[in-house]
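Laboratory data are not the source of any read-out in this text; all were calculated from the coordinates shown. Since the model is a prediction, treat every value here as computed from it, not as a measurement. With ideal geometry, Cβ positions are generated from the backbone for all residues, glycine too; neighbour counts draw on all protein chains shown.
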Amino acid sequence: MSTIEQRRILSTAIPGPRSEELHRRKAATVSAGVGVGLPVYVERAGGGILVDADGNQLIDFGSGIAVTTVGNAAPHVVERVQQQVDDFTHTCFMVTPYAEYLDVCEQLNELTPGDHDKRSALFNSGAEAVENAVKIARHYTGRQAVVAFDHGYHGRTNLTMALTAKNMPYKHKFGPFAGEIYRVPASYPFRWPGGPADCAKESLDVVTTMIHAQVGEENCAAVILEPIQGEGGFIVPAPGFVKSLAEWCAEHGIVFIADEVQTGFCRTGDWFASEHEEVVPDLITTAKGIAGGLPLAGVTGRAEIMDAIHASGLGGTYGGNPVACAAALGAIETMKEEDLATRARQVEAIFLPRLRALAERYPQIGDIRGRGAMLAIELVNGGGDLTPASELTATVNRNCHAEGLVTLTCGTYGNVFRFLPPLSASDELLTEGLDIFEAAFEKAAG
């Protein structure tokens with residue numbers, strides 16, 4: 001348990017004077033290209049609380065973008081990291097290896113979907129994992145084309161920017177991007193032309209027809225998909241779409257990559273979101289929640305695919321750093337001991353009735369979606385007008401921040417309000433956060 005009292009305390013305006021002073025230093029020292037959503041400078045964190053430089057205690061509904069799933073400074077993570085730092089901080093696994101890397105790979109091979117023979121490789125970030133998954137798929141198949149989806153987000157490196165759908169702020173003026181990347185429509189029930197029922201019936205056919213016509217199955221190395229799209233708006237594909245797509249890929253020798261960087265490690269109520277529809281990806285990318293806040297990522301997949309790569313074809317100086325591996329082992333231990341997949345479903349049970357009741361009163365809430373502790377509402381003009389209400393979304397976000405609730409928005413149109421609380425947050429703290437959110441929404445919506 002965290003030693004920080006689990007309650008909201010507002011000692012100053014948000015941000016307070018000390019945070020404002022630090023933010024002036026940020027402007028003078030850090031590139032303007034590194035944006036900040038809420039200029040509150042954190043000094044301590046634990047459970048569901050962030051303590052800032054002014055002594056304010058804020059409720060955390062963001063988890064550092066789905067990273068601190070087990071909470072900040074989770075005891076098992078702290079203990080293992082402290083021990084590992086005392087032992088050694090780095091040797092480079094490719095020079096003189098260490099058991100911690102093997103321990104994490106064994107856990108990934110065990111926990112990811114499917115009982116087939118698997119192999120893993122470790123990297124530093126979600127984007128790096130995605131890049132390597134594409135490399136592996138291209139090498140294994142001897143093909144070059146990679147298919148990604150509208151509203152998808154896969155990272156900020158050159159190749160992953162090509163895979164990412166949204167221009168601002170991720171791609172604007174950063175091109176040219178990597179080639180042989182093709183984009184197809186997302187299975188997006190709320191915005192499918194014929195509505196959710198038609199999306200379930202039509203989306204797979206639309207996608208596979210486009211791949212056949214514009215790429216050619218024999219040229220396609222991989223299809224990459226987030227089982228629930230993250231930055232693109234927490235879009236949950238129509239039921240059956242992901243499983244049918246994976247089966248279609250298998251029929252045509254196409255590697256199916258599940259990007260579970262944001263959805264993985266108990267966030268959606270299962271260890272991995274692919275499990276919800278009993279999908280077994282050929283390759284799965286992980287990061288974010290894997291290591292309790294330390295930078296670590298992985299690619300896990302079928303042994304015959306992962307082992308097809310020549311020796312030294314995969315790696316990186318810091319990939320699978322021993323301290324990050326220790327943190328991952330502590331985070332996984334916490335997830336198992338505390339059954340955090342079940343806890344994510346409990347979080348869903350707290351949030352959904354409140355969000356649905358609010359939607360009954362406000363037609364601007366066009367859609368409620370997500371699973372587990374990865375939930376969102378999409379805001380529109382209302383009254384049958386599905387025009388994205390981006391300004392309303394931003395206003396609600398600012399209102400929440402002013403009251404000490406750390407919240408995040410997302411979506412291609414900037415009109416999706418997302419909820420990503422740490423699974424260590426208490427029911428009481430979640431309820432208080434929802435109270436703040438409701439008041440912030442009511443104030444903005446009128």
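Overview of values
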read-out	value
Ranked by how many other beta carbons lie within 10 Å on average, peptides 275-282, 143-150 from highest	143-150, 275-282
Exposure proxy order (Cβ contacts within 10 Å, fewest to most) of Y170, Y413	Y170, Y413
Full-stretch length increase - N381, E251 - with 0.36 nm per residue and alpha-carbon distance subtracted	42.5 nm
Span from the the range 111-176 Cα centroid across to the the range 340-364 one, whole angstrom	31
Amide N of the range 281-325 lying under 17 Å from the label point, which is placed 7 angstrom from the Cα of E106 along Cα→Cβ	322, 325
Amide hydrogen neighbours beyond the local backbone of G382, cut-off 5 Å, H modeled	T387
Antiparallel %, DSSP beta bridges [both residues in the chain], to 5	65
When the range 76-337 is reduced to its Cα atoms, the Kirkwood hydrodynamic radius in Å	18.7
Among beta bridges that DSSP assigns inside the range 76-337, antiparallel share in %, nearest 5	40
Protection proxy ranking of 330-336, 257-263 - average other beta-carbon atoms within 10 Å, highest first	257-263, 330-336
Lys/Arg +1, Asp/Glu -1 at C-beta; the range 76-337 dipole; positive extreme among G175, T334, G240	G175
Computed over the chain: relative contact order in percent, which uses C-alpha pairs under 8 Å that are six or more apart	22
Solution diffusion estimate, µm²/s, Stokes-Einstein, the chain, Kirkwood Rh from C-alpha pairs, 10 °C, viscosity 1.306 mPa s	71
The range 379-438 and the range 249-308: distance between their alpha carbon centers, rounded to Å	28
Two-site label geometry, V206 and T431: point separation in nm, points 7 Å out along Cα→Cβ	4.2
FRET E, pair V78, E391, Förster distance 45 Å, beta-carbon r, rounded to 0.05	0.60
Net length gained if the chain between V36 and D115 were fully extended (0.36 nm per residue, minus Cα distance)	24.2 nm
Backbone HN-Hα couplings from phi across the range 5-18 [Karplus 6.51/-1.76/1.60, Hz, Gly and Pro as x]	4, 8, 8, 6, 9, 10, 8, 9, 5, 10, x, x, x, 5
For A45, distant residues with modelled amide H under 5 Å away	V51
Packing rank of 173-182, 224-233, where each peptide gets the mean count of other beta carbons within 10 Å, highest leading	224-233, 173-182
Length released on extending from E20 to T89, taking residue separation times 0.36 nm less the Cα-Cα span	21.4 nm
Distance in nm between pseudo-label sites at R361 and A303 (7 Å out along the Cβ direction from Cα)	5.8
Where labels lie 7 Å past Cα in the beta-carbon direction, separation of N219 and E337 in nm	5.3
